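The values are calculated or read from the model by the stated rules, or taken from the named source; none is laboratory data. These numbers come from a predicted model, not from an experiment. With ideal geometry, Cβ positions are generated from the backbone for all residues, glycine too; neighbour counts draw on all protein chains shown.
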Amino acid sequence: MTYCVGLLLNDGMVLLSDTRTNAGLDNISTYRKMFVFEDPGERVIAIMTAGSLSVTQTTMARLREAMESGESDDPDNIMTAPTMLKVADIVGNMLGRVREEIDEKLASMNQGASASMIVAGQRKGGAMRMFLIYPEGNFIEATEDTPFLQIGEHKYGKPILDRVVKPDTSLADAQKAVLLSMDSTLRSNLSVGMPLDMCVIPRDACKVGTRRRIEAGDEAFRAMSDAWSRALREGFKQVTL
């Protein structure tokens, strides 16, 4: 399992993912789940993945192949797509095709594979946009009413986002929000684990502003987690029936 979250704000976008993948309690591995592609100043696209590794890795490999083909008119090249909506459409179609192919191979064993993705980015002259791509390839978009999207083990980290995140949330506060959302998930579900990958993309920059990998034992993350725990305990004590 995994947990990925993306925030779409007035000032930019903040993305965070874990890296744990497990196929049982005795088979735990680390795989990157955040992928960033950029032509600085012209276009930036971030993709986060959750679900079957066979589906997500094959999908990402084919998207990379289209980008590296050198053919500007390749219909699967997300770096030459005219809009972010078209990028979401390309990723969705690719994910849907890969999932169907793998499902067909697994059908004889009565098994299936599923995956979902968050696609976020901006091209020069266009708006920042963020999409959640479902396993079938269809998608929804983040809006002012719901300025964040989650995939994977999302239930533990959602309450703080619901209470804190608004379109006018600053990028600094947004980073705290996603990290505390992840901290709640780490504490409640062992299938989500360190290290973490975080990416901040300022509005209209069309490039990554901050990229950070947070390893297990990171002092700043641990201090933030401890401070949040203390604040919750103190807040709990002050609540009366």
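Is it the case that M13 is touching a residue at least 24 places away in the same chain (Cβ under 8 Å) and part of a strand (DSSP E or B)?
yes
Report yes if some residue within segment 183-197 is in a helix (DSSP H, G or I), of a type in the set (A, V, I, L, M, F, W, C), more than 30 Å from D89 (Cβ to Cβ) and out of contact with any helix residue (DSSP H, G or I) (no Cβ under 8 Å at 6 or more places or on another chain); otherwise report no.
Within segment 183-197, one or more residues are in a helix (DSSP H, G or I), of a type in the set (A, V, I, L, M, F, W, C), more than 30 Å from D89 (Cβ to Cβ) and out of contact with any helix residue (DSSP H, G or I) (no Cβ under 8 Å at 6 or more places or on another chain).
Between a residue in segment 137-156 that is more than 24 Å from L190 (Cβ to Cβ) and free of Cβ contacts under 8 Å to residues at least 60 places away in the same chain and any residue that is small (G, A, S) and outside any strand (DSSP E or B), which pairs come within a Cβ distance under 6 Å, given they are 6 or more apart or on different chains?
From residues that are more than 24 Å from L190 (Cβ to Cβ) and free of Cβ contacts under 8 Å to residues at least 60 places away in the same chain, the pairs are G137/G92; G137/G96; F139/A88; F139/G92.
Can we say G41 is more than 16 Å from the chain's Cα centre (by Cα) and at positive phi?
Against the criterion (more than 16 Å from the chain's Cα centre (by Cα) and at positive phi), G41 qualifies.
Could you list all residues from segment 129-145 that are surrounded by 23 or more Cβ atoms within 10 Å (Cβ to Cβ) and under 17 Å from K207 (Cβ atoms)?
Answer for segment 129-145, where residues must be surrounded by 23 or more Cβ atoms within 10 Å (Cβ to Cβ) and under 17 Å from K207 (Cβ atoms): just M130.
Conditions tested, residue by residue: (1) touching a strand residue (DSSP E or B) at 6+ places or on another chain (Cβ under 6 Å); (2) among the basic types (K, R); (3) assigned to a helix (DSSP H, G or I).
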{"site": "K166", "(1), (2), (3)": "no, yes, no"}
{"site": "A177", "(1), (2), (3)": "no, no, yes"}
{"site": "C199", "(1), (2), (3)": "yes, no, no"}
{"site": "A223", "(1), (2), (3)": "no, no, yes"}
{"site": "S229", "(1), (2), (3)": "no, no, yes"}
{"site": "R233", "(1), (2), (3)": "no, yes, yes"}
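Filter segment 86-127 down to the residues that are small (G, A, S), in contact (Cβ under 8 Å) with a residue 40 or more places away in the chain and not in a helix (DSSP H, G or I) and list them by number.
Passing the criteria: A113, S114, A115, S116, A120, G121, G126, A127.
Which pairs have Cβ atoms under 6 Å, sit 6 or more apart or on different chains, and link a residue in segment 25-54 that is modelled with pLDDT of 95 or more to one that is part of a strand (DSSP E or B) and basic (K, R)?
Sorted first by the residue in segment 25-54, then by its partner, the pairs are R43/R123.
Which one is farthest from the chain's Cα centre (by Cα), of the residues in segment 204-231 that are under 26 Å from L8 (Cβ atoms) and of a type in the set (S, T, N, Q)?
My answer is S225.
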